[in-house]
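Below: the structure, in structure tokens.
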Amino acid sequence: MPPAITYDPRKHVGVHPERVSHVSSTNFPGHHPDEDHSWDLERFKKGLTVKIERLSNRSIEFDLVGVDASIANAYRRILIAEVPTICVERVYVWDNTSVVVDEVFAQRIGLVPLNVDPALMDMKQSQNDQATDRNTLVFRLQVSCERRKNAPKDTTDPNKLYINHEVLSSHLKWVPQGEQEIVLADNPPAPTNLNIVLTKLRPGQEVDMELHAVKGVGKDHAKFCPVATASYRLLPLVILNPEKPVPRELAEKFQKCFSSGVIRVDPRTKAVSVDSKKMRNETMSREVYRHPEFEGCVQLARVRDHFLFNIESEGFYPPQRLLPEAIAVMRAKIATVKRAAEMLLNNGDDLGDVAMANA
């Protein structure tokens with residue numbers, strides 16, 4: 001039998017009927033008298049854990065254990081706003097007789113994720129920088145709709161009546177520039193999803209555009225965001241009170257107050273227990289607090305330093321690569337702060353150079 005879990009204000013966030021408690025960290029020097037909570041690398045290594053719970057082609061769920069909420073939230077915000085991707089930025093419209101106006105059409109095209117590794121391209125320092133084969137990809141979108149010959153007269157299905165009645169993301173054709181054909185030969189640039197509908201056409205309508213894709217980050221525009229979802233929640237904790245067990249006749253009612261599988265009821269003795277593996281699925285609805293007969297039987301909490309991350313990838317990055325990319329961005333930021341601090345210690349020499357390099 002695993003040891004009984006008890007509520008610890010230092011490790012847990014209390015979840016009560018109408019409030020939460022102990023939300024602030026207390027593991028810093030000076031908070032507890034005569035206790036040394038200075039940061040120690042070896043102690044941090046022992047407590048740090050990253051465990052993948054589920055991985056698919058487009059999403060990942062993993063546990064990040066042993067870090068402060070500020071670190072976990074920094075990774076979440078970096079994933080949304082500062083991991084670079086490649087998207088269409090400029091659209092040159094030569095012809096567009098569809099029902100979608102040029103500005104809306106251009107926005108829809110910009111939101112199409114591309115399968116290009118951002119590491120292979122440079123980022124423009126400003127919008128007016130000269131386009132080169134190092135910082136710009138060129139696509140052509142040229143589609144015209146025609147009536148299909150010998151189409152059945154009794155059908156209303158546009159797939160049988162027309163040719164190219166939908167403009168799809170698969171119609172974006174990469175036009176190599178300079179050395180791009182060699183550098184990107186292993187993975188030619190294209191949309192990650194070839195079936196995104198951009199607009200619909202009818203006979204006589206056509207679109208003809210030139211598209212320029214560049215490298216950017218989500219804080220500049222949402223289209224550069226590499227994730228569809230990047231969120232976390234603290235690990236739920238259901239703590240039973242051994243001094244006041246749940247009455248046998250109310251065991252099944254108690255079980256229904258929680259998410260499926262979280263509470264186990266012995267079919268013979270009607271004894272109540274918590275499934276530690278399925279406890280992570282608890283939604284913390286606090287339904288159990290609504291019933292006075294269960295008062296004192298259970299305490300709800302969350303583990304302060306155990307984060308359950310859920311990330312859905314969109315674009316080039318496979319989901320398992322997103323956290324390392326966020327860590328790389330954070331390390332670069334820390335290196336910048338370190339250099340600036342060293343410059344201040346040296347009476348501010350070259351501090352302006354550091355600021356300009358990271359502007």
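The values are calculated or read from the model by the stated rules, or taken from the named source; none is laboratory data. Keep in mind that this is a model prediction, so the values were computed, not measured. Because the Cβ atoms are built from the backbone with ideal geometry, glycine has one as well, and the counts that use them run over all protein chains shown. When the accessible area is computed, the model is the full protein with side chains, heavy atoms only, and any ligands, DNA or RNA have been set aside. Shrake-Rupley method; radii C 1.70, N 1.55, O 1.52, S 1.80 Å.
Given charges of +1 on the Cβ of Lys and Arg and -1 on the Cβ of Asp and Glu, with all other atoms neutral, how large is the dipole of region 88-240 about its Cα centre, in debye to the nearest 20? Please report the intermediate quantities before stating the final value.
Details: 17 positive and 19 negative charges, 124 e Å.
In total the dipole reaches around 600 debye.
At a 1.4 Å probe, what is the % contribution of carbon and sulfur to the accessible area of region 214-338? Using a 1.4 Å probe with all protein chains present, region 214-338 comes out at 51 percent carbon and sulfur. Distance from the Cα centroid of region 1-37 to that of region 79-145 is 49 Å (rounded to whole angstrom). The charge dipole of region 164-252, taken about its Cα centre with unit charges on the Cβ of Lys, Arg, Asp and Glu (plus for the first two, minus for the last two), comes to roughly 360 debye. Heavy-atom surface analysis with a 1.4 Å probe gives region 165-213 a carbon and sulfur content of 49 percent of its accessible area.
Using the alpha-carbon positions of the chain, Rg (one decimal) and Dmax (whole number) come out as 28.1, 90 Å. Between F254, F28, F105, the Gaussian network model of the chain with springs among Cα atoms under 10 angstrom shows the greatest mean-square fluctuation at F28.
Given a 1.4 Å probe, how much area per residue of the chain is accessible, in Å²? Each step should come with its number before you reach the end.
Values: 21680 Å² over 359 residues.
Accessible area per residue: 60 Å².
Taking the protein heavy atoms of region 38-107 in the context of the full set of protein chains, the accessible area attributed to carbon and sulfur is 55 percent at 1.4 Å.
Over all distinct Cα pairs, what is the inverse of the mean 1/r for region 31-180, reported as the Kirkwood hydrodynamic radius in Å? Evaluated on region 31-180, it is 21.2 Å. Here the Karplus relation 6.51 cos²θ - 1.76 cosθ + 1.60, evaluated at θ = phi - 60°, turns the backbone of region 173-184 into coupling constants of 10, 6, 10, x, 10, x, 8, 4, 4, 7, 5, 9 Hz, with x for every Gly and Pro.
Around E53, with a cut-off of 9 angstrom between Cβ atoms, what is the net charge of the other residues, counting Lys and Arg +1 and Asp and Glu -1?
On the way: positive: K51, R54, R280; negative: E61, D63.
After counting each charged neighbour, the total is +1.
What pairs from K215/K338; K46/K244; K51/K270; K253/K277; K253/K278; K51/K338 go past 25 Å between their alpha carbons?
Numbers: K215/K338 27 Å; K46/K244 36 Å; K51/K270 34 Å; K253/K277 21 Å; K253/K278 18 Å; K51/K338 30 Å.
Distance filter (> 25 Å) returns K215/K338; K46/K244; K51/K270; K51/K338.
Considering only W174, P189, T155, the residue lying farthest towards the positive end of the dipole of region 145-205 is T155, judged by Cα position with unit charges set on Cβ. Evaluated with a Cβ-only charge set (Lys, Arg +1; Asp, Glu -1), the chain carries a dipole of roughly 1400 debye about its Cα centre, given to the nearest 20.
Taking the Kirkwood radius as Rh and the Cα radius of gyration as Rg, region 12-54 has a ratio of Rg/Rh equal to 1.11. A straight Cα-to-Cα reach below 18 Å connects K149 with the aspartates and glutamates D157, E166, residues fewer than 8 places away in its own chain not being considered.
Between the alpha-carbon centers of region 167-246 and region 258-272, tell me the distance in whole angstrom. If we compute the Cα centre of each part, the gap is 43 Å. The residue list W94, Q107, A119 was ranked by how far each Cα lies along the charge dipole of region 90-159 toward its positive end, using unit charges on Cβ atoms, and W94 comes out on top.
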